[in-house]
Each structure stands twice: as structure tokens, then as C-alpha cells.
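The block underneath contains the structure these notes are about, expressed in C-alpha cells.
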Amino acid sequence: MSLTEIVVEGTLKPDGTLELDQKPSLAPGRVQVIVKPLPSPTGRRGLVEVMDEIRQSQRARGYQGRTAQEMQAEEMARQEEDEDYERRCEQLWGGPLPPAKS
């Protein structure tokens, strides 16, 4: 009995399943699958690849990112700055500013 090896390309789905581009010409049964990324046809990386590379680079240099508390504190400070700006404008112009047009 001889073993046959074939190469079939496909797509790795977010849930971990594989979608093959063609039906393998092998008898049904257990197989070994080796998965390796292929370069994108346009030569450009997609968003997922770029984001993965950024995350790996951040992990490699020990970057932790901001905590939820830090982000909340920054947002509160930004809102306070906005309210202070509005108060100063009201003092200068003698009343509330009209709503901004979109």
C-alpha cells in the first residue's frame, strides 16, 4: 500500500474550519493537515494580517495597553475639558453656542 500526498489550497475560517478550493483526490479516511499562510494575491497584507503583526510586536516588547479604568479617566478628563471650553465660549460671546452642524 503506497501513501499519496497532495497539496490543496483553501481558506482558514475564523471558527477554525478549512474550506478547500477543490476536492482532494484521496480515499476517505484520516489525514494529516499542515496549514501555512499563503501570500495574498495582490501582494498586500489584509487588515487581519496587519493587526496580528501589530499585536505580536506589542507582546514581544511587553506592551500592555491601557486598562479600562485608564481609558475611562481619559474620557472623563476630555469631557471636562470640553465643558470648560463651552463655559469660556459662553463667557466670551454672552450665551451658549448654537449646536454644531453636521
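Below, the figures for the structure above:
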{"quantity": "Filtered residues of the stretch 9-38 (kept if open to solvent by less than 100 Å² (accessible area, probe 1.4 Å), over 17 Å from residue 49 (Cα atoms) and in a loop (DSSP other than H, G, I, E, B))", "calculated": "17, 24, 25, 26, 27, 29, 31, 33"}
{"quantity": "Residue list for the stretch 84-102, filter: open to solvent by 100 Å² or more (accessible area, probe 1.4 Å) and in a helix (DSSP H, G or I)", "calculated": "85, 87, 88, 91, 92, 93"}
{"quantity": "Any hit, the stretch 48-57, residues being open to solvent by 70 Å² or more (accessible area, probe 1.4 Å) and more than 18 Å from the chain's Cα centre (by Cα)", "calculated": "no"}
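The values are calculated or read from the model by the stated rules, or taken from the named source; none is laboratory data. Quick caveat: nothing in here was measured; it's all calculated off a predicted structure. Just so you know, the surface numbers come from the protein's heavy atoms only, side chains and all, with ligands and any DNA or RNA stripped out. Shrake-Rupley method; radii C 1.70, N 1.55, O 1.52, S 1.80 Å.
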